[in-house]
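First up is the structure itself, then whatever we jot down about it.
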Amino acid sequence: KWEGKSVDFSHGRLKVSDNRRFLVFEDGTPFFYLGDTAWELFHRLNKAETENYLENRREKGFTVVQAVVLAELDGLNTPNVEGEKPLIDNDPARINEAYFRHVDWVIRKAEEKGLFIGLLPTWGDKWNKKWGVGPEIFTPQNAAVYGEILGKRYKDFPNIIWILGGDRPIEKDEHREIIRAMATGLHKGDGGAHLITFHPTGGHGSGEYFHEEEWLDFNMRQNGHTPNFTGSYENTLKDYNRTPAKPVMDGEPLYEDHPIEFNPQENGHSVSVDVRRPLYWDLFSGAFGHTYGHHSVWQMWHPERDPINFPLLPWYEAVDQPGAWQMQFGRRLMESRPFLTRIPDDSVIVPDEVKTSVPGSGRYRFVATRDENGRYAMVYVP
């Protein structure tokens, strides 16, 4: 188990490193983003369950918990476990203080344990329903107001990373303007105290929509619920190579115990090896950190709840699945060597005549990373 707090907030606020590839604290200390997707944390757990969940993630060395204020699973109209809805009359300019006091409590409890909250102001169905419950409630005007309200409220919290978007695509100018306005509001409210990124739909990255915009501090991908490097996790390196340089990470790879490619009848459910591969594929392809997820945990499912897409275990058992324990080894490995000089470099791998053997493809791709000054190299061999 991880000893002590997972993150030491005494190093100051987070910022982008000088080489634009990593996140560091104000005093220059490197930060390893090891995330867990707990999208329904504020909406579906009571305080005792929340503390158990956060302690579980601390002891496994996670550093970030990704959670949503206006949650995906009818987060506007189905109250949280304390009976509170987040907004008054579903108006983003009128927040329900009782609901947000619980959000405050969760974020402070995470801080006590040395955990950042990757805080999504809303799930994407509230600005582009596309599928899911919705309703769409955001305009550019009220998105700016809502962003400023949240920015002011959490300005002095040391453990916030803003994540806009929420698994929906930018399909028209209004969508783009809503996200920009929310980012502007957050900056106005917190004075730029916290970093901002964007969580896209599966197979996509924030860089497709907002790469050159100043408010986007780092790129987040959702490489998706596939076990294959080819066509999916290889895109992390493509975002790494965008100009101008920005840090990149995978905020939603294949979850543990998830129906592979959403088709359990043909593909079954993922296991721990399926979530370890993306950990190293992404890190060795230039990512500054990584996010893990479990299919029962994101939705906080238990047998009294409607299941979303065939979860296998109650969330309170799923938090101890092997993949969740094993993520810390990626963190420990990256933190054991010079951190800010690490680059992706598959050229250290000598290809076989049959290149599908080495460097491989599909779920058997080799990837390599090294120190730019030649002090170490690592090759991941699935």
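The values are calculated or read from the model by the stated rules, or taken from the named source; none is laboratory data. Since this is a predicted model, take the numbers as computed values, not measurements. Every residue, glycine as well, gets a Cβ built from its backbone with ideal geometry; the counts of neighbours run over all protein chains shown. Quick note on the areas: whole protein, heavy atoms, side chains included, nothing else; ligands and nucleic acids left out. Shrake-Rupley method; radii C 1.70, N 1.55, O 1.52, S 1.80 Å.
Structure summary
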read-out	value
Condition met for D320 (within 14 Å of Y255 (Cα to Cα) and open to solvent by 30 Å² or more (accessible area, probe 1.4 Å))	yes
Residue that is farthest from Y280 (Cα to Cα) [pool: residues in the range 228-253 that are of a type in the set (G, A, S) and out of contact with any Lys or Arg (no Cβ under 9 Å at 6 or more places or on another chain)]	G231
Scope the range 302-312; condition open to solvent by less than 40 Å² (accessible area, probe 1.4 Å) and either assigned to a helix (DSSP H, G or I) or more than 18 Å from F262 (Cβ to Cβ) (or both); matching residues	H302
Members of the range 158-209 that are closer than 26 Å to S232 by Cα, part of a helix (DSSP H, G or I) and without any contact (Cβ under 8 Å) to a residue 40 or more places away in the chain	R176, E208, Y209
Cβ pairs under 7 Å, 6+ apart, first in the range 333-361 and within 21 Å of R277 (Cβ to Cβ) and in contact (Cβ under 8 Å) with a residue 60 or more places away in the chain, second open to solvent by 50 Å² or more (accessible area, probe 1.4 Å) and assigned to a helix (DSSP H, G or I)	P344/L237; S361/T230
Selection within the range 132-143 - open to solvent by less than 30 Å² (accessible area, probe 1.4 Å) and part of a loop (DSSP other than H, G, I, E, B)	G134, I137, F138
Residue match in the range 206-220 (condition: surrounded by fewer than 21 Cβ atoms within 10 Å (Cβ to Cβ), at pLDDT 95 or above, out of contact with any helix residue (DSSP H, G or I) (no Cβ under 7 Å at 6 or more places or on another chain) and small (G, A, S))	no
Qualifying residue in the range 224-241 (condition: in a loop (DSSP other than H, G, I, E, B), loosely packed, with under 15 Cβ neighbours inside 10 Å and in contact with an Asp or Glu (Cβ under 9 Å, 6 or more places away or on another chain))	no
Residue that is nearest to G61 (Cα to Cα), among those in the range 1-38 that are aromatic (F, W, Y), under 20 Å from the mean Cα position of the chain (by Cα) and part of a loop (DSSP other than H, G, I, E, B)	F32
Subset of the range 158-189 [touching a strand residue (DSSP E or B) at 6+ places or on another chain (Cβ under 8 Å) and either open to solvent by 10 Å² or more (accessible area, probe 1.4 Å) or of a type in the set (A, V, I, L, M) (or both)]	I160, I161, I163, L164, D167, P169, I179, M182, A183, L186, H187
Qualifying residue in the range 142-157 (condition: more than 16 Å from the chain's Cα centre (by Cα), among the polar types (S, T, N, Q) and under 30 Å from H211 (Cα atoms))	yes
Matching residues, the range 84-131, being surrounded by fewer than 23 Cβ atoms within 10 Å (Cβ to Cβ), in contact (Cβ under 8 Å) with a residue 40 or more places away in the chain and among the polar types (S, T, N, Q)	N90
Exclusive hit being surrounded by fewer than 24 Cβ atoms within 10 Å (Cβ to Cβ) and on the phi < 0 side of the Ramachandran plot, set Y154, Y146	Y154
Within the range 283-301, considering residues that are touching a residue at least 60 places away in the same chain (Cβ under 8 Å) and assigned to a helix (DSSP H, G or I), the one farthest from P322 (Cα to Cα)	F284
Complete set of residues in the range 284-312 that are over 29 Å from F32 (Cα atoms) and of a type in the set (A, V, I, L, M, F, W, C)	I308, F310, L312
Positions within the range 341-377 being open to solvent by less than 80 Å² (accessible area, probe 1.4 Å) and acidic (D, E), in sequence order	D345, D346, D352, D371
Residue count for the range 236-251, restricted to those that are within 18 Å of the chain's Cα centre (by Cα) and closer than 12 Å to S206 by Cβ	7
